[in-house]
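Working notes for the structure below.
The values are calculated or read from the model by the stated rules, or taken from the named source; none is laboratory data. Keep in mind the model is a prediction, meaning the values are calculated, not measured. Here the Cβ positions follow ideal geometry from the backbone for every residue, glycine too, while neighbour counts run over all protein chains shown. Each accessible area value is taken on the protein alone, full model and side chains, heavy atoms only, with ligands, DNA and RNA left out. Shrake-Rupley method; radii C 1.70, N 1.55, O 1.52, S 1.80 Å.
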Amino acid sequence: MDYTAKLDAAINRLHEEGRYRTFIDIERRQGHFPRAVWTRPDGTKKEITVWCGNDYLGMGQNPVVLAAMHEALDATGAGSGGTRNISGTTVYHKRLEAELADLHGKEAALLFTSAYIANDATLSTLPKLFPGLIIYSDELNHASMIEGIRRNGGAKRVFRHNDVAHLRELLEADNPDAPKLIAFESVYSMDGDFGPIEAICDLADEFGALTYIDEVHAVGMYGPRGAGVAERDRLMHRLDIINGTLAKAFGVHGGYIAASAKMVDAIRSYAPGFIFTTSIPPAVAAGAAASVGWLKEHPEIREKHQEHARILKMRLKALGLPIIDHGSHIVPVIVGDPVHTKQLSDMLLEDFGIYVQPINFPTVPRGTERLRFTPSPVHGPGEIDALVRAMDQLWSHCALNRAELAG
């Protein structure tokens with residue numbers, strides 16, 4: 001076996017399909033978000049504006065968050081020193097879990113190293129706790145949810161995206177006495193559409209199913225205190241397990257679940273992805289707790305965030321660009337071809353200092369390749385103007401003319 005040739009062939013396929021992923025080397029500038037410095041492959045530098053980051057609210061630069069991290073770093077040092085069970089639980093971890101439980105109105109919360117691991121570890125563990133469990137999963141659920149469900153060895157059913165009628169058909173077809181769980185998201189990150197939370201909760205009640213919601217792209221940004229779409233819609237009490245991240249709107253790192261004390265205790269006790277992983281550093285936990293606490297008391301930043309998203313969508317629509325608008329903060333512009341998407345991304349970066357990463361298959365279906373813009377409260381009028389002018393110029397006048405891009 002020529003292993004090198006096999007690797008070359010695999011990588012070359014990505015290049016031929018126009019979906020080879022290129023890392024852009026950037027240095028975020030503390031206190032100047034969304035500004036950053038891009039280091040080109042030749043070593044030269046260019047100042048850019050980040051338009052595709054997941055630090056949705058700029059909390060990674062918030063002075064309250066940074067002060068909390070400095071204080072914990074000076075007090076404890078760099079790492080946690082172990083797993084949660086073996087010397088890796090500190091007052092900072094417990095404080096953060098208390099903040100998160102309070103945020104979601106649950107009895108308890110459990111920290112993981114990422115929301116990906118939280119989804120994977122929890123969903124793969126649940127069949128150990130409920131033998132015979134059937135999991136009903138939205139077809140557009142995040143890869144971490146799909147992986148956790150795939151690995152758990154239990155039964156699964158996949159329902160068409162946001163199709164409550166199809167979900168009902170699947171539930172009706174199964175043994176009414178079997179334990180059941182419905183797994184779905186509140187905001188689907190690629191199109192920016194919302195899950196039908198209330199309708200799914202109604203079905204869960206009717207068929208005796210547990211509910212598992214991923215609020216990763218909503219925590220911090222929706223609801224009076226930033227608990228997510230379920231809080232906004234006054235439905236948190238109807239959800240059994242809530243998954244969230246500390247790495248997007250909260251601007252730090254890590255993931256978690258919030259649920260009943262017994263559910264959290266069981267996951268804590270049985271999930272290998274929790275038991276055998278070193279806990280997040282105390283300084284990170286301290287920064288995340290400060291961010292969660294601060295955002296609970298500052299709804300104005302969420303209002304400004306939504307306002308900027310509305311403005312950007314309105315202005316891009318006025319140019320006639322094919323954007324998807326489901327009313328969320330995510331602004332996808334459909335290009336429809338991986339090569340063109342990459343070319344457009346490259347020109348925005350090199351010619352205009354605008355960084356937006358191309359989104360290609362398998363993250364999105366073939367033919368729906370896109371640029372996914374994530375406006376924040378700190379993208380000011382000047383940054384929005386610059387982006388709109390650049391998109392207008394490139395879409396209308398470049399070699400990639402509008403008809404070619406749309407096709």
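Before moving on, here are some points about what is shown:
- When each of Glu185, Glu231 is tested for being closer than 22 Å to Arg160 by Cβ and either of a type in the set (D, E, K, R) or open to solvent by 10 Å² or more (accessible area, probe 1.4 Å) (or both), the lone residue that passes is Glu185.
- Scanning the stretch 61-81 for residues that are crowded, with 22+ Cβ neighbours inside 10 Å and closer than 25 Å to Pro375 by Cα turns up Asn62, Val65.
- When residues in the stretch 245-263 are screened for being among the aliphatic types (A, V, I, L, M) and open to solvent by 10 Å² or more (accessible area, probe 1.4 Å), 4 of them pass.
- Every residue from the stretch 286-325 that is open to solvent by 40 Å² or more (accessible area, probe 1.4 Å), among the hydrophobic types (A, V, I, L, M, F, W, C) and within 21 Å of the chain's Cα centre (by Cα): Trp294
- Against the test of being small (Gly, Ala, Ser), surrounded by 13 or more Cβ atoms within 10 Å (Cβ to Cβ) and at pLDDT below 95, the options Gly43, Gly31, Gly53 yield a single qualifying residue, Gly53.
- Conditions (1) over 21 Å from Val339 (Cβ atoms); (2) open to solvent by 30 Å² or more (accessible area, probe 1.4 Å); (3) within 20 Å of the chain's Cα centre (by Cα); number of the one not met by Arg21: (1)
- The stretch 343-371, subset part of a loop (DSSP other than H, G, I, E, B) and at pLDDT 95 or above, residue surrounded by the most Cβ atoms within 10 Å (Cβ to Cβ): Val356
- The set of residues in the stretch 156-187 being farther than 11 Å from Ser137 by Cα and either of a type in the set (Gly, Ala, Ser) or touching a residue at least 60 places away in the same chain (Cβ under 8 Å) (or both) consists of Ala165, Ala173, Ala178, Ser186, Val187.
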